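Peer 1: Below: one structure in structure tokens.
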């Protein structure tokens with residue numbers, strides 16, 4: 001193994017064998033799914049993960065104007081407008097990204113706190129390790145503790161997978177500016193003339209909210225509240241207290257939530273702009289495919305909850321996804337996509353072989369309608385599933401509750417139309433029941449209330 005990150009005391013460094021000659025970059029135009037490149041394909045990939053950013057808080061989608069850099073990036077990118085996660089929090093989304101399959105398809109549920117639930121899949125394909133062995137320099141910077149648990153060699157769950165990153169920068173809950181600085185240190189330590197795969201996971205605006213003071217001027221215009229949103233325990237206390245607050249207090253709390261979350265988003269945007277300028281100045285964007293995505297969203301009491309990893313509504317599972325390269329034709333694609341599609345697409349761009357077991361398709365290649373599933377189980381609450389299909393969404397809590405929305409007419413999911421006698425509902429019930437059977441195969445000790453087996 002080489003030691004290109006020794007000055008940074010990174011955990012692992014190796015080069016692997018040389019790239020195959022038959023995977024050299026094509027010189028002509030290329031179309032890969034919905035992606036059209038004019039000229040040579042990129043040699044490198046940069047993943048930009050915006051942790052806990054709600055899709056509708058990006059100016060490209062909502063009424064907000066707090067993300068000028070992200071909005072300009074998306075204007076110059078190929079944007080996938082109907083993109084879904086496979087869960088409602090970070091770690092399963094990362095598994096989908098780097099394995100080309102969902103945890104359900106792999107037969108496990110990460111960090112459920114249930115000792116009877118499998119926490120990983122032995123032998124799971126993990127792209128950074130594989131790419132490292134193909135000769136790529138691989139690195140990641142993150143402030144998300146869940147990723148340290150899984151991806152850092154010293155603290156990962158034993159036997160999960162070889163984390164595969166040559167370079168690994170991590171400081172728990174570090175602000176975006178520190179993550180950017182850590183990313184640039186990793187970049188500057190890379191060997192020259194080596195293809196690379198980098199990943200920047202910026203934690204802001206994950207709670208608690210501690211944006212720099214210059215982003216919080218609007219707070220001065222608000223009356224104080226009895227919840228300190230800079231403290232994670234206070235977020236939990238607010239979530240439990242919400243239903244008992246009077247209407248005026250709820251309205252004031254919502255204003256504080258809006259101001260403090262938006263301040264974090266503005267701060268994030270400024271730091272992304274700084275990172276982009278630094279990478280461009282180093283010439284690292286010229287032959288690089290950049291994948292910008294949100295790993296999950298955040299609920300602000302639209303469905304009586306605060307945060308994420310609490311439900312499967314749109315606020316938590318609808319994602320932003322945009323791909324950029326200097327010679328990638330920009331535009332918007334409105335067909336159904338999901339996180340397991342990203343890795344097969346990126347590997348195809350790099351000229352690397354498709355892996356056996358991938359369930360994702362090239363972005364833009366899947367036929368509509370397409371069933372897209374999400375799942376989350378943790379022992380403190382219950383198992384939850386969601387199915388998106390043909391402008392409809394079915395949510396199933398394993399307590400037996402079901403909710404159905406015609407999302408084409410009700411995009412905010414405010415009108416539950418669940419009727420088990422309705423044929424459009426029954427069609428989704430059959431699809432979801434098959435998925436429930438697959439989950440019960442690796443979580444047989446759980447009780448899926450109201451589930452009668454596949455094809456119900």
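Peer 1: Where the second residue is in a helix (DSSP H, G or I) and at pLDDT below 90 and the first is farther than 19 Å from residue 107 by Cβ and lies in the range 77-95, which pairs have Cβ atoms under 6 Å and are six or more apart or on separate chains?
Peer 2: Matching pairs, first to second residue: 90/146.
Peer 1: Go through the range 118-128 residue by residue and tally those that are at pLDDT 90 or above and in a loop (DSSP other than H, G, I, E, B).
Peer 2: Qualifying residue count for the region: 0.
Peer 1: Of all residues in the range 307-330, count the ones that are in a loop (DSSP other than H, G, I, E, B) and under 23 Å from residue 372 (Cβ atoms).
Peer 2: Residues of the range 307-330 that are in a loop (DSSP other than H, G, I, E, B), as a first pass: 308-313, 320, 325-327, 329-330.
Narrowing the set further to residues that are under 23 Å from residue 372 (Cβ atoms) leaves 308-313, 320.
So the count comes out to 7.
Peer 1: Sticking with this one: Looking at (1) touching a strand residue (DSSP E or B) at 6+ places or on another chain (Cβ under 9 Å); (2) part of a loop (DSSP other than H, G, I, E, B); (3) buried (at least 17 other Cβ atoms within 10 Å of the Cβ), which is the one condition that is false for residue 49?
Peer 2: (2)
Peer 1: Separate question: Which residues, counting only those in the range 75-113, are in a loop (DSSP other than H, G, I, E, B) and either farther than 25 Å from residue 369 by Cβ or over 14 Å from the mean Cα position of the chain (by Cα) (or both)? Step through it out loud before you land on a result.
Peer 2: Initially, the range 75-113 is screened for residues in a loop (DSSP other than H, G, I, E, B), giving 76-77, 85-89, 100-102, 107-113.
Once the filter is applied, which keeps residues that are in a loop (DSSP other than H, G, I, E, B) and either farther than 25 Å from residue 369 by Cβ or over 14 Å from the mean Cα position of the chain (by Cα) (or both), the range 75-113 yields 76, 77, 89, 107, 108, 109, 110, 111, 112, 113.
Peer 1: Do the conditions hold for residue 70, that is, is it in a helix (DSSP H, G or I), assigned by TED's automatic domain parsing to the domain that holds residue 306 and modelled with pLDDT under 95? Spell out how you get there, then give the answer.
Peer 2: Values: in a helix (DSSP H, G or I): yes; assigned by TED's automatic domain parsing to the domain that holds residue 306: yes; modelled with pLDDT under 95: no.
No; evaluated as a whole, the condition is false for this residue.
Peer 1: I would also like to ask the following. Say whether the condition of being over 27 Å from the mean Cα position of the chain (by Cα) and either assigned by TED's automatic domain parsing to the domain that holds residue 198 or assigned to a helix (DSSP H, G or I) (or both) is met by at least one residue in the range 254-268. Outline the logic, then answer.
Peer 2: Taking the range 254-268 first, the residues over 27 Å from the mean Cα position of the chain (by Cα) are none.
Checked against the condition, which is being over 27 Å from the mean Cα position of the chain (by Cα) and either assigned by TED's automatic domain parsing to the domain that holds residue 198 or assigned to a helix (DSSP H, G or I) (or both), the range 254-268 yields no hits at all.
Peer 1: Just the residues that are more than 20 Å from residue 319 (Cα to Cα), in contact (Cβ under 8 Å) with a residue 12 or more places away in the chain and outside any loop (DSSP other than H, G, I, E, B), please, taken from the range 405-431.
Peer 2: 424, 425, 427, 428, 429, 430, 431
Peer 1: Check the range 344-356 and report whether any residue there is in contact with a strand residue (DSSP E or B) (Cβ under 8 Å, 6 or more places away or on another chain), closer than 23 Å to residue 204 by Cα and either assigned by TED's automatic domain parsing to the domain that holds residue 59 or assigned to a strand (DSSP E or B) (or both).
Peer 2: From the range 344-356, those in contact with a strand residue (DSSP E or B) (Cβ under 8 Å, 6 or more places away or on another chain) are 345-346, 348-350; that's our starting set.
Subset that is closer than 23 Å to residue 204 by Cα: none.
No.
Peer 1: Given the criterion crowded, with 20+ Cβ neighbours inside 10 Å, in contact with a strand residue (DSSP E or B) (Cβ under 9 Å, 6 or more places away or on another chain), touching a residue at least 40 places away in the same chain (Cβ under 8 Å) and not assigned by TED's automatic domain parsing to the domain that holds residue 343, identify the matching residue among 387, 394. Full working, then the answer.
Peer 2: Values: 394 fails: touching a residue at least 40 places away in the same chain (Cβ under 8 Å).
So the residue among 387, 394 that is crowded, with 20+ Cβ neighbours inside 10 Å, in contact with a strand residue (DSSP E or B) (Cβ under 9 Å, 6 or more places away or on another chain), touching a residue at least 40 places away in the same chain (Cβ under 8 Å) and not assigned by TED's automatic domain parsing to the domain that holds residue 343 is 387.
Peer 1: Sticking with this one: So, of the residues in the range 67-93 that are touching a helix residue (DSSP H, G or I) at 6+ places or on another chain (Cβ under 7 Å) and within 13 Å of residue 319 (Cα to Cα), which turns out to be surrounded by the most Cβ atoms within 10 Å (Cβ to Cβ)?
Peer 2: Of the residues in the range 67-93, the ones touching a helix residue (DSSP H, G or I) at 6+ places or on another chain (Cβ under 7 Å) are 67-70, 84-88, 90-93.
Then keep just the ones that are within 13 Å of residue 319 (Cα to Cα); that gives 84-88, 90, 93.
Numbers: 84: 21, 85: 28, 86: 25, 87: 31, 88: 27, 90: 27, 93: 25.
Going through the qualifying residues, I end up with 87.
Peer 1: Tell me, yes or no, whether the range 9-30 has at least one residue that is at positive phi, modelled with pLDDT under 90 and not in a helix (DSSP H, G or I).
Peer 2: Yes, the range 9-30 contains at least one residue that is at positive phi, modelled with pLDDT under 90 and not in a helix (DSSP H, G or I).
Peer 1: Does the range 355-363 contain any residue that is surrounded by 20 or more Cβ atoms within 10 Å (Cβ to Cβ), in contact with a helix residue (DSSP H, G or I) (Cβ under 9 Å, 6 or more places away or on another chain) and farther than 26 Å from residue 123 by Cβ?
Peer 2: yes
Peer 1: Taking the condition over 19 Å from the mean Cα position of the chain (by Cα), at pLDDT 95 or above and crowded, with 22+ Cβ neighbours inside 10 Å, does residue 325 pass?
Peer 2: Criteria met by residue 325.
The values are calculated or read from the model by the stated rules, or taken from the named source; none is laboratory data. Remember, predicted model here, so these are calculated numbers, not experimental data. With ideal geometry, Cβ positions are generated from the backbone for all residues, glycine too; neighbour counts draw on all protein chains shown.
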